[in-house]
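Just so you know, all these numbers are worked out from the coordinates, no wet-lab data involved. All values derive from a computational prediction rather than experimental measurement. Glycine gets a Cβ as well: all are built from the backbone with ideal geometry, and neighbour counts include every protein chain shown.
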Amino acid sequence: MYATANAVPRPREATSRELELAAVLTATAAIIIARHTDAELRDRVQDALRESEARLNAVIEGAADGILTIDETGIVRSLNTAAVKMFG
């Protein structure tokens, strides 16, 4: 009788409990990946917003004209350096 050195046993069929566990683990992994992706997207959006606000602030502060922002009730919410020089 000759022994086969490379004989690999066939894998057994998964039980229903193992299949249920695999489904739960897959769903959990999907949730973790989605949350990680959402967090990365949120970080990129926040970075873009900060950059946009910095550019806008640079334009407003660099303007030779006075610039005021007034809310819907008529309250001055911000003004640039030129506006401060104009209105004191």
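Number of residues in the stretch 1-23 that are part of a helix (DSSP H, G or I) and either of a type in the set (Asp, Glu) or exposed (fewer than 10 other Cβ atoms within 10 Å of the Cβ) (or both) equals 4. Of all residues in the stretch 33-86, those satisfying the criterion of being in a loop (DSSP other than H, G, I, E, B) and exposed (fewer than 10 other Cβ atoms within 10 Å of the Cβ) are 64, 65, 71, 72, 73, 74, 75. Within the option set 58, 34, 29, being closer than 30 Å to residue 87 by Cβ and of a type in the set (Gly, Ala, Ser) holds for one residue only, 58.
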